[in-house]
């Protein structure tokens, strides 16, 4: 009976790890092969690695991605193989002559093992995986390291100061993880590439000759970082739901602006001084009023004594009446002036138009209110209008429904959140230009998009349904939306929370731009269940009112939007099918020619993967973006090949 390969693999691993006294086992040759087989056992759950336990001698050096020097592995490159397991301890770390290790662009999970055995390692590329936990201390014992790339993972914890002891380090990429704490004082003269953007780092960036060489983009998307290198003045950090942060500078106030790669921070000391000035002004007004009344009272007493002395009571009475009348008139004028000051202060305090991210104050609240308005639609969050200002400038104004706001969405929370969301700038996001709030009134002002919504493009009017969009349009729109959503997730670690086709607008060049992003945190989750189509976008795990939207629930909504794009059906009409049946059903309702079936299937596979029931099985948005870009490359290659064939056939 033949032995199953996995059983044979286990047997070899047991023999290799038990005792070296078995003289019949050629340990010199098979040590590195056994390490590779042990790695495959835990990391290659999808069985994509063609490592065979039946390999004899040095033939394992011909395995996929393996490069040897004699019997020892010196280079291992296993990229883009959909490895979906974990890097188990005592596997690859036994490759003591390994110089280069690359596992990038896979789906490996879990923490990194002890790396002590890789003392000859020079380059380690683990980017674009799902590794978690902090970096192991053994990493810093590998003093031959030159290139490290841990970007686009889920690593956490502080960036160890031990990195500064790696004196041969040439490139270090730690961007788009969850590292926190401060940046160590890197000062290796060998360091030429350095990236820590997209983390949760805080404090001042150390001013060292090495770090001073790198541009602000190396540190971007860390909202709590500050310092001379990134040209952001250091200020005390404010928690999102903690004590109220000082409000953003309002219209008409000259605010100094500090910018780093589109991240704009506005100082908030100005309003505190204005409030102090207002209090001083009120106090001064009251003091002047009191002094005036005292002076008039003294004048009356003086006039009375003079009248008694002269004995002219009639004149005295007339003077008293005139004096009292003059005092009353002056008192009324001062009261009116003080009342007017109070009214102006109350208006200023009740709300003003606040422009986001250092935007120029193009118009005032009064101009916005006087502009002509056209109703565009009513949605889950409120009512949307198109406003045309005196200057013929067109903007979109969303009036948030006060009854749908969450209890924690106080004035201070709203201001801080708008300041954060208003800083988002990307070609596939509709820019949030300004906002306004006063008591129960809240307005958000966006750029007006002239070509309507994706919903209208897909479905047309209810009376005349539009046909499904052409394949190339589907791919272009899918990539645009993925770009915008990936930017929200990676760069700012925010959540859209309400992605749907009516919240994707078409810009001047028909580029797809996402709107209404990142507002769900301010609202009641139950409002998204008000109609069937909106509810269909909600991921299963967020249909409980106690569960708020997440990155993975955004991915689910993206998958539903992609199915809507491919089929032309409303989300509430989409059936639940296995992928094979779904493919046949989609083909039956589209009129693409046969050559485009494969292209449609590739995009359909992305949609069904995004809309899986289990959030753990859904990809991240950057992985979705990679899938779409790979599809586009395949399409371009196919088109190029077809063009070459046509050209050769046309030749005499």
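Looking at the range 409-443 only, could you name the residues that are under 24 Å from residue 509 (Cα atoms) and either more than 14 Å from the chain's Cα centre (by Cα) or not in a strand (DSSP E or B) (or both)? Give the steps one after another, and end with the answer.
From the range 409-443, those under 24 Å from residue 509 (Cα atoms) are 422-434; that's our starting set.
Answer for the range 409-443, where residues must be under 24 Å from residue 509 (Cα atoms) and either more than 14 Å from the chain's Cα centre (by Cα) or not in a strand (DSSP E or B) (or both): 422, 423, 424, 425, 426, 427, 428, 430, 431, 432, 433, 434.
If residue 201 satisfies every condition in (1) out of contact with any strand residue (DSSP E or B) (no Cβ under 6 Å at 6 or more places or on another chain); (2) in contact (Cβ under 8 Å) with a residue 40 or more places away in the chain but one, which is the exception?
All conditions pass for residue 201, except number (1).
For the range 70-104, enumerate the residues that are part of a strand (DSSP E or B) and in contact with a helix residue (DSSP H, G or I) (Cβ under 9 Å, 6 or more places away or on another chain). Spell out how you get there, then give the answer.
Going residue by residue through the range 70-104, those that are part of a strand (DSSP E or B) are 72-77, 86, 100-102.
Result: 72, 73, 76, 86, 101.
Output the residues belonging to the range 123-145 that are buried (at least 17 other Cβ atoms within 10 Å of the Cβ) and part of a loop (DSSP other than H, G, I, E, B).
Kept after step one, since they are buried (at least 17 other Cβ atoms within 10 Å of the Cβ), are these residues of the range 123-145: 123-131, 135, 139-140, 142, 145.
Within the range 123-145, 126, 127, 128, 129, 135, 142, 145 qualify.
Just to be sure I understand the filter: pairs with C-beta atoms under 8 Å, separated by 6 or more residues or on different chains, first member in the range 607-621 and closer than 14 Å to residue 561 by Cβ and in the same structural domain as residue 482 (by TED's automatic domain parsing), second member at pLDDT below 90 and surrounded by fewer than 17 Cβ atoms within 10 Å (Cβ to Cβ). Which pairs pass?
Short answer, once both residue conditions are applied: 608/579.
Could you grab me the full set of residues in the range 437-476 that are at pLDDT below 85 and closer than 30 Å to residue 409 by Cβ?
Listed by number, the residues that qualify are 438, 439, 440, 441.
Among (1) in a loop (DSSP other than H, G, I, E, B); (2) in contact (Cβ under 8 Å) with a residue 40 or more places away in the chain; (3) not assigned by TED's automatic domain parsing to the domain that holds residue 522, where does residue 468 come up short?
It is condition (3) that residue 468 fails.
How many residues does the range 47-66 hold that are under 12 Å from residue 36 (Cβ atoms), in contact (Cβ under 8 Å) with a residue 24 or more places away in the chain and not in a loop (DSSP other than H, G, I, E, B)?
2
Tell me, please, whether a residue that is assigned to a helix (DSSP H, G or I), at pLDDT 85 or above and surrounded by fewer than 16 Cβ atoms within 10 Å (Cβ to Cβ) can be found in the range 556-572.
Yes - at least one qualifying residue is present in the range 556-572.
Mind telling me which of the residues 423, 452 ends up being touching a strand residue (DSSP E or B) at 6+ places or on another chain (Cβ under 7 Å), surrounded by fewer than 16 Cβ atoms within 10 Å (Cβ to Cβ) and closer than 27 Å to residue 487 by Cβ?
Values: 423 fails: surrounded by fewer than 16 Cβ atoms within 10 Å (Cβ to Cβ).
Step by step, each of 423, 452 is checked, and only 452 is touching a strand residue (DSSP E or B) at 6+ places or on another chain (Cβ under 7 Å), surrounded by fewer than 16 Cβ atoms within 10 Å (Cβ to Cβ) and closer than 27 Å to residue 487 by Cβ.
The values are calculated or read from the model by the stated rules, or taken from the named source; none is laboratory data. Just so it is clear, the structure is predicted and the values come from calculations on it, not from any experiment. Glycine gets a Cβ as well: all are built from the backbone with ideal geometry, and neighbour counts include every protein chain shown.
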